[in-house]
Amino acid sequence: VALKRMLNFNVPPVKNSTGEPVWKVLIYDRFGQDIISPLLSVKELRDMGITLHLLLHSDRDAIPDVPAVYFVMPTEENIDRMCQDLRNQLYESYYLNFISAISRSKLEDIANAAIGANAVTQVAKVFDQYLNFITLEDDMFVLCNQNKELVSYRAINRPDITDTEMETIMDTIVDSLFCFFVTLGAIPIIRCSRGTAAEMVAVKLDKKLRENLRDARNSLFTGDTLGAGQFSFQRPLLVLVDRNIDLATPLHHTWTYQALVHDVLDFHLNRVNLEESTGMESTPAGARPKKKNKKSYDLTASDKFWQKHKGSPFPEVAESVQQELESYRAQEDEVKRLKSIMGIEGEDEGAISMLSDNTAKLTSAVSSLPELLEKKRLIDLHTNVATAVLEHIKSRKLDVYFEYEEKIMSKSTLDKSLLDMISDPDAGTPEDKMRLFLIYYISSAQAPSEIDLEQYKKALMDAGCNLAPLSYIKQWKAFTKMASAPTSYGNTTPKPLGLFSRVMNTGSQFVMEGVKNLVLKQQNLPVTRILDNLMEMKSNPETDDYRYFDPKMLRGSDSSVPRNKNPFQEAIVFVVGGGNYIEYQNLIDYIKGKQGKHVLYGCSELFNATQFIKQV
């Protein structure tokens, strides 16, 4: 909503205006591009009158009779370039929008350039948009994509980090969270664990919100910022969690569609990139091997199949794709049948009477064609994506890994020793084995003895694993007192449900032989459990000493005692140090069971296990 308002020259767009939109150009930097691209497609931009969208630092031609909307970070080089645009008189008028608040001195630089270029009248509006975060779903956001290594897990947890570096990282995170709440138009009540990076973020955010509220004239939270919008009268709860409370989940193999796509494919800002495997055609000897085609697909909110199944276990997804395909084929056959009937010469009576009956049918068939084509496009897309995921599951035995890790995390009996899993040459990549072992190491009540550890290490080395992450996890485990009470992950294991019924039919595109049909039971991960305690005001040793901040209170208090005793209706969970789709999905499943409650999930960066292991 905020973006659409900005693209409409900062006036809320009118619903029913039939006139042409005002044609304009949109100029953004990489940050702006990352914020807009998951939310608005090129077609939607065009509907809003954006004819051209260009990067600020590309070579742009002058278009003197068109207004330009800028959407950029207030950095030195961006501002220099904007001043240059003013001097070159590129556009008719300039609407300058800054993603994050611009400082007084930089504003003066622009003003001076405008005076120098005699373009003061053309700078129509200057706005701070407070949009410095990336929304990936209606209920999920991450902080940034450009320079994300600045706020990464490793950056926050480096042993040799200086205080000033830490301050900078915290300020970056707080700036984005502040933008998030300005856009929501709500002041949260903040809870966080003590002695973690999350606590530093909480203290700074509380201070920043407090200062903004005190400055009554310029407060961003009064009047009609965006209307209280999607939130009820109640204020939302913001739970700040530190990644270090649960390092097992980011390493865990997963079984739901969206998390699998993120784990095994190249999935980034809602776009997945696939390499198309070319068939096994015999290439003549000496010929160059065919290049693999790269294809990318957007998995967005408008994709109904994705919205419905992104949280489903994979076998269910494969089955649904198959069903969609069959229903599509039936509709297609019907259209073909009607076409052939329509080709009849109108000689005999029977055909004529049939014709009038069929005209109606054909008309409806033709009007449903665009819908059919869209359906076909989505089926093809998900067939390709699901097939790519399935190849990984089969070649790496990910179903076995998932089931085994779930057993470890829920302390069930293991049917096969860990050493066998690691030394089985057919199961998984070296990285899969490392992930499995780290989860075992993190979840075990007491660390394995030195002798056992050496044995595991040797097996891991033989399997070709890089042991670097282990030394970090060892230190982490020694350091966190949690080792005395390891995090519990519930005690249910997935149950295999016979092999696939429908998908096993020969007609299916997915050959699922040998892949287990695992069904998930809902169990709350640590992050979800913490949220549940704080949102429902349950007393629990895990969360009782969480600090409580209320930026609206005149004096900050350092208490853990919540003033507000009522359960919350809305909550935002934010993980400092990075998050993943497994936790996101777990929260969504948890909140489904709670009538009328909403949860948003945010994190400083989104990583899959491969990216996380490299940081450890």
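The values are calculated or read from the model by the stated rules, or taken from the named source; none is laboratory data. Quantities reported herein were computed from a predicted structural model and do not represent experimental measurements. Reconstructed Cβ throughout: ideal geometry from the backbone, glycine too, with neighbour counts over all protein chains shown. Side chains are part of the model used for accessible areas, which takes the heavy atoms of the whole protein and leaves out ligands, DNA and RNA. Shrake-Rupley method; radii C 1.70, N 1.55, O 1.52, S 1.80 Å.
General remarks:
- In terms of its Cα atoms, segment 416-483 spans 37, 21, 17 Å along the principal axes, sorted from long to short.
- In a reduced charge model with +1 at each Lys and Arg Cβ and -1 at each Asp and Glu Cβ, segment 416-483 shows a dipole moment near 380 debye about its Cα centre.
- In segment 1-128, the inverse of the mean reciprocal separation of distinct Cα atoms equals 14.9 Å; this is its Kirkwood hydrodynamic radius.
- Accessible surface for L54 stands near 40 Å², nearest 10, in the context of the full protein assembly shown (1.4 Å probe).
- Å² per residue, accessible surface of segment 1-128 at 1.4 Å: 52
- The residues of segment 416-483 have, on average, 50 Å² of accessible surface per residue, using a 1.4 Å probe with all protein chains present.
- Applied to segment 190-197, the Karplus parametrisation 6.51 cos²θ - 1.76 cosθ + 1.60 on θ = phi - 60° returns per-residue 3J(HN,Hα) values of 9, 10, 8, 7, 7, x, 10, 4 Hz, with x for Gly and Pro.
- Amide H contacts of D128 (H built 1.01 Å from N, under 5 Å, at least 5 apart or other chain): F98
- Carbon/sulfur fraction of accessible area - segment 1-128, other protein chains in place, 1.4 Å, %: 52
- Cβ-Cβ FRET estimate between E77 and K538, R0 fixed at 51 Å, reported to 0.05: 0.55
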